[in-house]
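These notes are about the structure you will find just below.
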Amino acid sequence: MSKLTIHILLTIVAALLLLPGLGLVPLFDWDELNFAESAREMALTNNWWYVQMGFEPFWEKPPLAIIFQALAVNIFGDHSWVYRLPNAVAGIVTVNFVYHVGEYLGRRMLGIFWAITLLCTFATFIYWKSAIIDPVFNLLIVLSLWNWYKISRAEIHGERSHIYYLLSGLFIALATLTKGQAALIIFLAIIGWITLYRGRWHDLLTGKFFLFLLPIFILVGGWVFKVYQLLGSSFFVSFFSYQQELIRGQFEWHTQPWFYHIVVLLILCFPSSAIAVKYLTKKGEEDYILESWHFLMRSMFWIVLLIFSIVSTKIIHYSSLCWWPITYFAAYHCYLVYTNRAVTTSGQKLWLILSGFILCIVLWAGPIALNWVDWRHSRWFSSLDSYAIAILESGPWSTITLLPGLILFIGIVFIVKMIFQTGKKEFMEGNLLLITLLVAIASYTLLLPSAANTLQNPLSLYIKKLNHKQILIENQGFKTYAIYYHGKFTPRNFTGSWFTSSAMVRDKIKGHPYPKQEARKVWIRDGEPSEPSYLITKNTYKPDLYFLHQFKQTDSFIGYRVWKRK
């Protein structure tokens, strides 16, 4: 079968798995709604230089991933699935790229196994159907590292390495415009370690290195210069201050123990993490081509894991770049088993069973908690706040939400039976990957919509109702982007904000730090709007006397209170 035919088949399979059903799950608050609203505002205002929120400068992220989403909005309209389309496309590009890697390494079947493993790993499948920016960000970093790897191969193949320096710099520049300086930090840490370990200082100490720097200076430097012209230095001061807060872990719900990402990778990257674990420290591959590539993959895994274990703010997708080496080594093991050069060890089988059953518990936790557990008689019920109690009492989930965990449980039992079956030596990793793919599809279509509806639907529906009545809404005491996205605000709702001119923006922010993102607008609280306006708080919010002097409660719904100025 020709290389082109395999690329076409991989594209078709990936498209059939990743494109359908992108709108089944409501956009999650905070991250998905954050990026979706920023893209909506970008498409509405045609401001492509920097990200906005509430039609004011939003300094937390550079604009590239938001630009991709905004372009999709311009083409297909404002629908929830549109904001997830760039990631699905990135997934299709990724499976084709990893096949190309395998083919370049002289092992086409390894590339096919890697593509299949990426599609069938629980975490990667779910995240390619999300609206966060990490899948695109990770792809760009790996493309940069891949071209840097090809620099070392150029001399062996008698090629000129100039183009690889240029492409490596181009992709890391695009990654920097996607998520900021984290791209450069990760890339330089990995390349620095590889250079130190291999002693390949001539890759850095050469005039060709300026070809690597050239796209960074042009793209990143050009963007910085333009935004500085529009907004001045305050934008970048706020951006770097925010990055420092991320490192120090000053965000609610995001401070976790140092081993947080180890647990996340083991469970959510099932089954790849259990299969790959023995290769993350093993050395001595069958030839230099594979050994040098494996060293890059291992370096990527351990450096990314170390960086985000040190950083105090810990979110699931921060370590998602580790999914690339994990899925690669899982695919490599499958490739060795397929070519009769390896068997699945007892340790791998034990990790598979353990992580599989833990993932079962995670998948069953929500349905069981909301359907069959009487929380009022539990020991820790009294420690819950009124908002958490309202969520728990919001109503049961359909019993069909147990199906993803049930599929996985049956699959794990089947695997255990195979392990202990007399005379049965083969492990059938392909079957396990397909079972996991079914679990991921079932989780996305059955479990995640129920979770989103329980956690977000009451607030979303209420915002949409008020928006239909042309009522301006603000939030107080909690962070949400649902107010912006579901409120469908336009620049007319924010008199005096960005939608004026760049000169007025500079005058407005000159000498004044940006406000906290969670408390941008204060018009309602300051009594400025003349149109009807409401203020929404959680039911745990404790108003002071000054607040009660200005506002009276006018309504309530699951977990929230609605206030109106007296």
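Computed from the coordinates by the stated procedures, all read-outs in this text should not be read as laboratory data. From a predicted model like this one, the values you see are computed outputs, not experimental measurements. Using ideal geometry, Cβ is built from the backbone for each residue, glycine included, and neighbour counts are taken over all protein chains shown.
Between the alpha-carbon centres of the range 464-493 and the range 316-341 there is a gap of 44 Å. On a 0 to 90 degree scale, rounded to 10, what angle separates helix 182-198 from the longest Cα axis of the chain? The angle comes out at about 20 degrees. The amide H of Tyr534, built 1.01 Å from its N in the peptide plane, has Leu472, Ile473, Glu474 as neighbours under 5 Å, considering only residues 5 or more places off or on other chains.
Between 0 and 90 degrees, rounded to the nearest ten: what's the tilt of helix 134-157 against the longest Cα principal axis of the chain? In the chain, helix 134-157 runs at an angle near 30 degrees to the longest axis. Counting other Cβ atoms within 10 Å as a rough exposure proxy, the listed residues Glu103, Glu159 run Glu159, Glu103 from fewest neighbours to most.
For the cross-link pairs Lys464/Lys538; Lys129/Lys282; Lys61/Lys314; Lys469/Lys542; Lys61/Lys150; Lys479/Lys564, the ones whose C-alpha atoms lie over 21 Å apart are Lys129/Lys282; Lys469/Lys542; Lys61/Lys150. How high is the relative contact order of the range 294-342, given as a whole-number percent (alpha carbon pairs under 8 Å, six or more residues apart)? Computed value for the range 294-342: 37 percent relative contact order. For Trp49, no residue has an amide H sitting under 5 Å from its own, ignoring neighbours fewer than 5 places away on the same chain, with H placed 1.01 Å from N. Remark on Leu384: its backbone amide H falls under 5 Å from none of the residues 5 or more positions apart or on other chains, H modelled at 1.01 Å from N. Its Cα centre serving as origin, the chain has a Cβ charge dipole (Lys and Arg +1, Asp and Glu -1) of approximately 180 debye.
The phi-based Karplus calculation (6.51 cos²θ - 1.76 cosθ + 1.60; θ = phi - 60°) puts the 3J(HN,Hα) values of the range 7-19 at 4, 5, 5, 4, 5, 5, 4, 4, 5, 5, 7, 9, 7 Hz, whole numbers, x for Gly and Pro. Between helix 234-248 and the chain there is an angle of about 60 degrees, using the helix long axis and the longest principal axis of the Cα atoms. Applying the Karplus relation 6.51 cos²θ - 1.76 cosθ + 1.60 with θ = phi - 60° to the range 467-477 yields 3J(HN,Hα) values of 5, 4, 8, 6, 9, 6, 10, 9, 10, 9, x Hz, where x marks Gly and Pro.
Beta-bridge orientation, the chain: approximately 75 percent antiparallel, per DSSP, counting only bridges with both partners inside.
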